[in-house]
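Student: Could you have a look at this structure, given as structure tokens, before my questions?
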Ligand SMILES: Nc1ncnc2c1ncn2[C@@H]1O[C@H](COP(=O)(O)OP(=O)(O)O)[C@@H](O)[C@H]1O
Ligand SMILES: [Mg+2]
């Protein structure tokens, strides 16, 4: 599995994703925001961080980067795309995913572990999880409050495109378990075609016991299982 | 610069000329620049003539306390600075130590107290920015941040404003650059009401061979400014001497530096790439006094000279004078000495990171710091006397009578109480100095870079080192109340506590950086505090074999003539040879045996108990037995390395009762109960809440308890099993001879985790 | 070519929660400004541009808002334009 | 008592670094809006208040700006006030 990790000025989880892909036996490659081609890759990942300092709106300026045309073409052609945190914000800002990420309702940056319930296990990203499985992984963001109009939310729910929801340990999506005020406790979603996903929590930070959780691994190994595992660049 | 005569040939250089419009040098102007008459005589001697206005500004900055260390240098020279593992001691942007496996750790702490008092958000943010640059200019990639903060009591709106602004500033900057925060401290006490303390520490990792220094090597090599443009930010206060102070001039010349972490991130990547590329010979952060200090210090260290042209510096605003450009403290800038012929390569690397690099001068062989404005030379000063020639002083130090009285206050009346302390106990748990600091570090990214093995909230932060079995740990510590009441024992306690914290996570204490936050050193009672403190630090660091590789001095922390508590913050780093030794402060299993190492004493002086319950800052702070402390720490490390311990936690503010609560609650996810019996023949208050030093609460499997006690004995440490970990619904219970303390775990958790959020709720937007 | 100063006001769509506005309102109430009934927070952008005419400056600004400066899902925008005079040119 | 709508514009002091403005300007340049010469970013606040008169509303607003809404060290502010009509009352 060859994974292109796109680095924007201000990305700061590119390296973490890189190590994570290596860990599971995939072949990561960095792409720079000024590149115009992605090259021969199986998966594209947009990392977390503060592209362009989060100035204007988180993820907004990154959508103007030269590489984004190639990313959009890759999406159109059905290639799998994962956006984590700032990557999720960029996907929403660029229209590859619906909705927007607003400032956390606490108005504070939120950094802690959260619990997520897996809502859909048929997507190419979540097929290794069990339905209703509770995952633990860190969040670290100031703008993770997912917002979309009622109609969009309705469609997301109806089409099984809500991938993860913030819940408590019992799997209940209670308000106190919602770290940022997201509509319907949404933590991660899928596009209509099923090949583009974005999430605010950081699965790549939950892949080794020493980090406190390995629950993020499933997302990456699910993708790996679709491609020849060891294809080193 | 190419179209000008060879700048290394002395003969072709025109002589120094005052600029048109420069104010005349008068005794008042000299005084406003903070130079004493005898210091000014030294300036005349060095120059052999009267300085220009620009030169006066340069001397004023370089001989300020901040750059020149005039009131601290002599005492600081007494600190131990060497050990086989020290690669770089004091004198560079950051200290560097060997941590094994070919890796080196660069680390340093720095204060931003004054800027944070004026504008908490930007002050704290730029403080973090500065310390990151100190570390990555050494060639090290920053891997962790710690922050050490002090404020007044949270019941004041102004304090809450400062606190929330500072925390947001520290967080936003580090979060954006992508460096995890792994720890630090915050302490609230009226002693810091008008004058908060904001110290930031950074750790960076590199291969030992990648070390690069801030030196201007190679005559003829070009000097380049890289990064942000120069504006009128934070120009030395003395600037105002050049014009009448008016509302208008205030408005036009904001002294506040605005941080841009986005540019910093790019600068970080570009700098590390530059250093790897081999195209540069030196690099230095432009910190205090900007271009002046970076250029002259680089010249001074190498023994060469530099010539720079102010017209070549990219500026943000038109009409800036050489004086302003030289002294501007605009952030996110570096000074680089490139190899001759590598100018384009340097520019290309910066361009890749969307940054500018401009050539502003050259390294010369004449040992002079020369500043041009086009064809005119506006300053020409011998580099070495400028950077090293600042007069240093030893001042008179006398203890304050008033503080001595406080220390000698009679506290025996507190030995009389023996009734139920449950209410007191709950009050203490909810004191912001004891309660969980999650409100604060919940705003800091602690997990980015996927290296953080122990996050903030424990005794010390731990970062694993990828590709090895190793990890590094770091902590900052200082109880200013102790140091206020007794500078000597208070400072010994700070060093001892830092080392103890490292040992509790399983690390061997290795080296120290310090931040000496004090009042006005010209006052004898402040200088007394400073002297006693530095002497004690030297003694403790020698004994713990933790050399001091750098640090920072912040004087004049006073409001309306009242100084903060003397606060010599100890930033200590340690090494774990095996990540399997990482130990946490939280109890892990029901039925584990709780063992107390070290002695309970009847000391109640300077305690959080006295502050919270009586509003008192008084009494003799807990005494420190350095040798006993060393034995304890060796014992704990040995137990951890033998795999005996399930948790280890040092006893500090709030005493034994509070330490037990912290271990029971952990980070709040898996709460456990506690049943402990204490047989000491001690008065109730010191037994429960006294802050005797040299104590650690550990827990282990009951079957290992004997082995743990044997280890303790072998190291001459008093150890005894005091109880066990129980399910949380069995509650929290301490039985003493004359008292018993009981509380519900849920209530404790609510107070412990809820205290600061409740106080900060409705603090308003920042 | 003339120089124009554009004032662009970007505001959250009505109906969208504005926690910052709410927090400011609460803070004002706690400072005893009880008669503050509602607070909404937006973003203000000043753009200095060169253009042949006011109309051109305005058209450019609208395009920039649509493409980047405002998020169509959550924000509305309003633009004022005036020719830059000595006074409006920033220091 | 009448209802007034205050528009408060809070802007960074001239001369102060405005990294956000700079980043937006660069982004606009990369979108080929080369003729954007300068961008400054400020905050926009709409306050609906009750007051006896326009003058009272304005005085109150000034005090609120000084005490809370603008940072006196780094920001300037400007206030416009108008009587609230059906139209200006927010949804
Ligand atoms: N308290 C201290 N203990 C030991 N060394 C110190 C202390 N304070 C400053 N130093 C050393 O003096 C040198 C100058 O420090 P400093 O002026 O803080 O550097 P800069 O501000 O440029 O980063 C540094 O190498 C620093 O490590
Ligand atoms: Mg420095």
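No lab work stands behind these numbers, since they all come straight from the coordinates. Not measured: the values here are computed from a predicted model. All Cβ positions, glycine included, derive from the backbone under ideal geometry; neighbour counts span all protein chains shown.
Student: At 222 nm, what helix-only mean residue ellipticity would chain A give, in deg cm²/dmol to the nearest 500, using -39500 (n - 2.57) for each DSSP H run of four or more?
Tutor: Values: 5 runs with 45 residues, N = 233.
Per the formula, -5500 deg cm²/dmol.
Student: As I understand it, the value is the acute angle between the Cα axis of helix B:745-760 and the longest principal axis of the Cα atoms of chain B; what does it come to in degrees, rounded to 10?
Tutor: The answer is roughly 30 degrees.
Student: Taking Cα pairs under 8 Å and at least six residues apart, what relative contact order does chain B come out at, in percent? Numbers along the way, then the final one.
Tutor: On the way: 1907 pairs, mean separation 113.8, N = 766.
It comes to 15 percent, rounded to a whole number.
Student: Starting from one equal scatterer on each C-alpha and no solvent at all, send me the Debye-based log10 I(q)/I(0) for segment B:652-742 at q = 0.12 Å⁻¹, two decimals.
Tutor: Debye intensities relative to I(0), on a log10 scale: -0.39.
Student: Report the normalised scattering of chain C as log10 I(q)/I(0) at q = 0.15, 0.16, 0.17 Å⁻¹, calculated by the Debye formula with identical scatterers on the alpha carbons.
Tutor: -0.69, -0.74, -0.79
Student: Same structure again: Could you grab the relative contact order for segment C:2-83? Cα pairs under 8 Å, six or more apart, rounded to a whole percent.
Tutor: Numbers: 121 pairs, mean separation 42.0, N = 82.
Reported as a whole number, the value is 51 percent.
Student: Which distance in Å, rounded to a whole number, links the C-alpha centroids of segment D:27-57 and segment A:39-60?
Tutor: Comparing the Cα centres of segment D:27-57 and segment A:39-60, I get a distance of 28 Å.
Student: Using a basic spin-label model with each label point 7 Å from the Cα along Cα→Cβ, how many nm lie between residue C:50 and residue B:747?
Tutor: The answer from the label model is 7.4 nm.
Student: With each run of n ≥ 4 DSSP H residues scored as -39500 (n - 2.57), what mean residue ellipticity at 222 nm is computed for chain D after dividing by its residue count and rounding to the nearest 500 deg cm²/dmol? Show your work: numbers first, answer last.
Tutor: Values: 2 runs with 23 residues, N = 91.
Theoretical 222 nm ellipticity from helices: -8000 deg cm²/dmol.
Student: Subtracting the Cα-Cα distance from 0.36 nm times the residue separation, let me have the gained length for residue B:161 to residue B:19 in nm, one decimal.
Tutor: Between residue B:161 and residue B:19, full extension yields an extra 46.7 nm.
Student: A follow-up question, please. For chain B, just the Cα atoms, rotate onto the principal axes and tell me the three extents in Å, largest first.
Tutor: Result for chain B: principal-axis Cα extents of 87, 55, 46 Å.
Student: What is the spin-label model distance, in nm, from residue A:69 to residue B:396 if the labels are put 7 Å beyond Cα along the C-beta direction?
Tutor: Here the modelled spin labels are 7.7 nm apart.
Student: What does DSSP give for segment A:2-224 in terms of the percent of beta bridges that are antiparallel, rounded to the nearest 5?
Tutor: 60
Student: Now a separate question. Where in segment A:112-134 does the label zone of residue A:192 land, with the point 7 angstrom along Cα→C-beta and an amide N cut-off under 19 Å?
Tutor: A:123-124
Student: Here's another thing I want to ask about it. For the residues A:76, B:108, D:43, what sequence is obtained by ranking on other C-beta atoms within 10 Å, fewest first? Mind showing how you got there, number by number?
Tutor: Numbers: A:76 11, B:108 28, D:43 18.
With the fewest neighbours first, A:76, B:108, D:43 line up as A:76, D:43, B:108.
Student: When A:85, B:176, D:65 are ordered from fewest to most other Cβ atoms inside 10 Å of their Cβ, what list results? Walk me through the intermediate numbers first.
Tutor: Values: A:85 31, B:176 25, D:65 22.
Least crowded to most crowded, the residues run D:65, B:176, A:85.
Student: Let me ask you something else. If you take the Cα atoms of chain A, find Rg, then find the Kirkwood Rh from the mean of 1/r over all pairs, what is Rg/Rh? If you can, show how the numbers build up before the last one.
Tutor: Working: Rg = 16.0 Å, Rh = 17.2 Å.
Checking Rg against Rh, the ratio lands at 0.93.
Student: Roughly what % of DSSP beta bridges within the protein assembly as shown run antiparallel, to the nearest 5? Could you put the intermediate results ahead of the total?
Tutor: Numbers: 168 of 208 bridges.
Percent antiparallel among DSSP bridges in the protein assembly as shown is about 80.
Student: Take the Cβ-Cβ distance between residue B:348 and residue B:466 as r, set R0 to 41 Å, and report the resulting FRET efficiency rounded to the nearest 0.05.
Tutor: Details: r = 30 Å, r/R0 = 0.72.
My answer for the efficiency is 0.90.
Student: Okay, helix-only estimate at 222 nm for chain B: each DSSP H run of n ≥ 4 adds -39500 (n - 2.57), divide by all residues, round to 500 deg cm²/dmol; what do you get?
Tutor: Values: 26 runs with 267 residues, N = 766.
Value at 222 nm, helices only: -10500 deg cm²/dmol.
Student: Rg(Cα) of segment B:40-196 divided by 2.2 N^0.38 Å?
Tutor: In units of the globular-protein estimate, segment B:40-196 measures up at 1.27.
Student: Report the relative contact order of chain A, percent, no decimals, based on alpha-carbon pairs under 8 angstrom and at least 6 residues apart. Write out the running numbers ahead of the final one.
Tutor: Working: 554 pairs, mean separation 50.9, N = 233.
In percent, rounded to a whole number, it is 22.
Student: Between residue B:735 and residue D:59, what is the FRET efficiency for a Förster distance of 60 Å, r being their Cβ-Cβ separation, to the nearest 0.05?
Tutor: Values: r = 64 Å, r/R0 = 1.06.
Rounded to the nearest 0.05, the efficiency is 0.40.
Student: Hey, what angle do you get for helix B:343-352 against the long axis of chain B, alpha-carbon based, 0 to 90 degrees rounded to 10?
Tutor: Computed tilt is about 50 degrees.
Student: Then there is this: Between residue B:77 and residue A:133, take the C-beta separation as r, use R0 = 45 Å, and let me know the FRET efficiency to the nearest 0.05. Let's see the in-between values first.
Tutor: On the way: r = 61 Å, r/R0 = 1.36.
Computed FRET efficiency for residue B:77 and residue A:133: 0.15.
Student: Using only alpha carbons, build the gyration tensor for the protein assembly as shown and give me the equivalent ellipsoid semi-axes, biggest first, whole Å. Mind showing how you got there, number by number?
Tutor: Details: eigenvalues 383, 327, 194 Å².
They are 44, 40, 31 Å, listed from largest to smallest.
Student: To check you understand DSSP bridge types, tell me what percent of the beta bridges within chain B (both residues inside) are antiparallel, rounded to 5.
Tutor: On the way: 97 of 121 bridges.
Counting DSSP beta bridges with both partners in chain B, the antiparallel share is about 80 percent.
Student: How far apart, in nm, are two points set 7 Å out from the Cα along the Cα-to-Cβ line at residue A:225 and at residue B:558?
Tutor: In this crude spin-label approximation the distance works out to 7.1 nm.
Student: Sorting B:610, B:154, D:17 on the 10 Å Cβ count, fewest up front, what's the list? Write out the running numbers ahead of the final one.
Tutor: On the way: B:610 22, B:154 18, D:17 25.
In order of increasing Cβ crowding within 10 Å: B:154, B:610, D:17.
Student: How much length is gained if the chain between residue B:675 and residue B:273 is pulled fully straight, taking 0.36 nm per residue apart and subtracting their Cα-Cα distance, in nm to one decimal? Please list the in-between numbers first.
Tutor: Values: separation 402, 0.36 × 402 = 144.72 nm, distance 5.59 nm.
That works out to 139.1 nm of additional length.
Student: Angle check, please: helix B:120-136 long axis (alpha carbons) against the longest principal axis of chain B (alpha carbons), in degrees 0 to 90, nearest 10.
Tutor: Computed tilt is about 80 degrees.
Student: Can I ask one more? Using a 10 Å cut-off on Cβ to Cβ distances, tally the other chain neighbours for every residue of B:176-186 and report the average as a whole number. Mind dumping the intermediate values first?
Tutor: Details: counts 8, 5, 12, 1, 2, 1, 0, 0, 0, 0, 0.
Mean shielding by partner chains, rounded to a whole number: 3.
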